[in-house]
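The values are calculated or read from the model by the stated rules, or taken from the named source; none is laboratory data. Predicted model only: the values in this text are computed from it and were never measured. Note that we place each Cβ from the backbone using ideal geometry, even for glycine, and neighbour counts take in every protein chain shown. Heads up: the accessible areas ignore ligands, DNA and RNA and are worked out on the full protein's heavy atoms, side chains in. Shrake-Rupley method; radii C 1.70, N 1.55, O 1.52, S 1.80 Å.
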Amino acid sequence: MQDTLESRRELSEEVAEHREPDHDIDPLFVNRWSPRAMTGEPLDEEEYLPLFEAARWAPSAYNNQHWRFLIADREDDEWETFTDLLLGGNEEWATDAAVLAVIVSKTTFDHNGEPAPVHSFDTGAAWENLALEGARRGLAVHGMAGFDYERAAEELDVPEEYAVEAMVAIGERAPPETLPEELREREQPSDRKPLSEIVHRGGFE
């Protein structure tokens, strides 16, 4: 594991083929991408819980820590409940994950019960921490919108004051050849829009 963690201090070969940052940033940010190919092998808790530990330290308004992670690994009785939520073709590959997680966020503040307008924003920060720690460890971490939100809320007993945000698949990486044919060519790091498109000085152009 230490060799894997040390190697994340520079761009991986597969990432360097497709991505080149314009400014000097830590390679970890560029090395993170969203593989789909996973081995279907289970992970021990000590291999995947550090990802949620990283998420725990994300910033949030009033330190409310809006995020909650509802998880199942392959050895849990609830595994089939989670896989049955998958939609939009995700069921073709995400069932090979070692861990599936549904991310929900508390829509109110703990200290006064008022609506928290940044609950999704803050929960996104926690998700990014999770994804970066997964990339640091060489794991496949893939966020998904393709699942049944209403069924997730119902079957996972999500309280009314929580919003279902996303689903995540985590696992050991596998070769692209293990994916359905239509997904193989997409199994590579994607590029990003230039800063000139996403940073607007003063106001929106």
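Under the condition of being touching a residue at least 40 places away in the same chain (Cβ under 8 Å) and in a loop (DSSP other than H, G, I, E, B), which residue from the stretch 146-158 is farthest from L51 (Cα to Cα)? Here the answer is D148. For N31, only one of the following conditions fails: (1) of a type in the set (S, T, N, Q); (2) open to solvent by 30 Å² or more (accessible area, probe 1.4 Å); (3) over 28 Å from E150 (Cα atoms). What is its number? The single condition N31 does not satisfy is (2).
Only one of the numbered conditions (1) at pLDDT below 95; (2) out of contact with any Asp or Glu (no Cβ under 6 Å at 6 or more places or on another chain); (3) farther than 29 Å from H119 by Cβ; (4) not charged (D, E, K, R) is not met by P180, and that is (2). Just one of the listed residues (G138, G134) is in a helix (DSSP H, G or I) and either closer than 30 Å to E181 by Cβ or at pLDDT below 95 (or both), and it is G134. Pairs are defined by a Cβ separation below 6 Å, a sequence spacing of at least 6 or placement on different chains, a first member in the stretch 113-134 that is within 30 Å of R173 (Cα to Cα) and open to solvent by 30 Å² or more (accessible area, probe 1.4 Å), and a second member that is β-branched (V, I, T) and part of a helix (DSSP H, G or I); no pair meets this definition.
Here E150, E154, E185, E205 are screened, and the one residue that is more than 21 Å from S34 (Cβ to Cβ), of a type in the set (D, E, K, R) and at pLDDT below 95 is E205. Residues that are touching a residue at least 24 places away in the same chain (Cβ under 8 Å), open to solvent by 10 Å² or more (accessible area, probe 1.4 Å) and more than 16 Å from the chain's Cα centre (by Cα) within the stretch 85-111 comprise L87, G88, G89, E92, K106, T107, T108, F109, D110, H111, listed in sequence order.
Just one of (1) out of contact with any helix residue (DSSP H, G or I) (no Cβ under 6 Å at 6 or more places or on another chain); (2) buried (at least 19 other Cβ atoms within 10 Å of the Cβ) trips up A72, so point out which. Of (1) out of contact with any helix residue (DSSP H, G or I) (no Cβ under 6 Å at 6 or more places or on another chain); (2) buried (at least 19 other Cβ atoms within 10 Å of the Cβ), only one is false for A72: (1).
Of all residues being among the hydrophobic types (A, V, I, L, M, F, W, C) and open to solvent by 20 Å² or more (accessible area, probe 1.4 Å) in the stretch 140-182, which is farthest from R74 (Cα to Cα)? Just the residue, please. Talk me through it step by step, then tell me what you get.
Of the residues in the stretch 140-182, the ones among the hydrophobic types (A, V, I, L, M, F, W, C) are 140-141, 144-145, 147, 152-153, 156, 158, 163-164, 166-170, 174, 179.
Adding the requirement that they be open to solvent by 20 Å² or more (accessible area, probe 1.4 Å) leaves 145, 153, 156, 158, 163-164, 166.
On the way: A145: 21, A153: 21, L156: 17, V158: 21, A163: 25, V164: 22, A166: 19 Å.
Of everything passing the filter in the stretch 140-182, A163 is farthest from R74 (Cα to Cα).
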